[in-house]
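To start, the structure under review is shown below, and the notes come after it.
The values are calculated or read from the model by the stated rules, or taken from the named source; none is laboratory data. None of these values were measured; they are calculated from a predicted model. Here the Cβ positions follow ideal geometry from the backbone for every residue, glycine too, while neighbour counts run over all protein chains shown. For the accessible areas, the whole protein counts, side chains as well, though only heavy atoms, and no ligand, DNA or RNA atoms are used. Shrake-Rupley method; radii C 1.70, N 1.55, O 1.52, S 1.80 Å.
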Amino acid sequence: MESRIYLSPPSSHSSEDFRKGTIGHSVQSLSGSTELAEYDLAILFVPEYRGAELGISDEIEGVEQSLFELSDSFGNLKLLHLGYVVPGENLSDTYLAVTQIVRECIGNKVLPIVIGGSQDLTYASYSAYEEEERVMNLVSVDYSFDLGDVDSPIGYESYLNKIILSHPNYLYNYSNLGYQSYFVRPDELELMNKLKFDFYRLGNVRSDLKEVEPIVRNADLLSFDLNAIKVADCPGSLKPTPNGFYGEEACAISRYAGLSDKLSSIGFYNLKPSGAGDQSPHLLAQMLWYFIEGFYSRKNDSPVINRTDFLKYTVTSANDLGEIVFYKNLLSERWWMDVPLPQSKLSKYERHQLVPCSYSDYEQACNDEIPSKWLRNYEKFS
């Protein structure tokens, strides 16, 4: 593995330290003979908090041990423990290290799981897609948009601006799950609408959590801010708040992320580097377990892969937009809708033309209402 120069090995991990049938007994550590492509997943710890003005932590306490003690019920777990990123002299050096590691992983079809560190590390993961010149979708589970001010330096509450303003830009769509209105300025909402991005209030998401699945299924990269979980369930986040997702909901979202055939990297951020106690690392470990469980339950049912097991539904709209085409997989019963793109854009954006959706979106179209997911994607090119 070429990017091993940025890594320090796990402190003392040995499979013999864990009982048979646990993740710790199955996981393999990075060594000189490791062939990255032989694995499905790679877990990476990044003890970098300078983006939150908290310096560098020696370790992210408790997560590793808590995860490895959990049951390995996945059949044939191919999980590589990459170890810890050695923080650079400057924050930008750490970003570079994370970018190169994530890029090497996705280039070998290995899904990197980044455990932060502050959430500005999302920018480093995005940069891996940028270097690959790969147009991508970003989904963030967060109580705010983390836009910050245009002129402010990058940080854990201002990284998204840097992604939006990067040039050339490879961000096709951004979706926020769980924003809380009192943390979001009106001008930020206006910008999200102007860019045709998707954003979902906490209350709306929690009222029907199943509707999260198609949103997450559309992500290439998912960034999970532990601050989005209510303090009673995750007291060890960097900026805990009274309201947010319950722990069970955070685990469900993580499982949806694992189930997504499109998702190629994920990060969990803003766990307090010290003093987090036992509860928060345990919760994060269980979220990781659900993500891995989802990953090994993937359906490979996307119409992009094949359309042999699909029913096609064409809904004629009374407005000027004409027809909306839906596809339903007969085996998994998951839905997609076809958003027509200009011919000149097909080569660059073709993999984003089929937008994951739910049966409720199909029902909307049948009632002569245009699904918001379809309309926002269509308007990006109108």
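For every residue, the table says whether it meets (1) in contact with a Leu (Cβ under 9 Å, 6 or more places away or on another chain); (2) aliphatic (A, V, I, L, M); (3) open to solvent by 20 Å² or more (accessible area, probe 1.4 Å); (4) under 29 Å from Tyr39 (Cα atoms).
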{"residue": "Thr241", "(1), (2), (3), (4)": "no, no, no, no"}
{"residue": "Ile253", "(1), (2), (3), (4)": "yes, yes, no, yes"}
{"residue": "Leu284", "(1), (2), (3), (4)": "yes, yes, no, yes"}
{"residue": "Arg307", "(1), (2), (3), (4)": "no, no, yes, yes"}
{"residue": "Tyr313", "(1), (2), (3), (4)": "no, no, yes, no"}
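If Tyr359 meets every condition in (1) at pLDDT 90 or above; (2) within 23 Å of Arg134 (Cβ to Cβ) apart from one, which number is that one?
(2)
Out of curiosity, is Glu249 surrounded by 16 or more Cβ atoms within 10 Å (Cβ to Cβ) and either touching a His at 6+ places or on another chain (Cβ under 6 Å) or among the charged types (D, E, K, R) (or both)? Break it down stepwise before answering.
Details: surrounded by 16 or more Cβ atoms within 10 Å (Cβ to Cβ): yes; either touching a His at 6+ places or on another chain (Cβ under 6 Å) or among the charged types (D, E, K, R) (or both): yes.
It is true that Glu249 is surrounded by 16 or more Cβ atoms within 10 Å (Cβ to Cβ) and either touching a His at 6+ places or on another chain (Cβ under 6 Å) or among the charged types (D, E, K, R) (or both).
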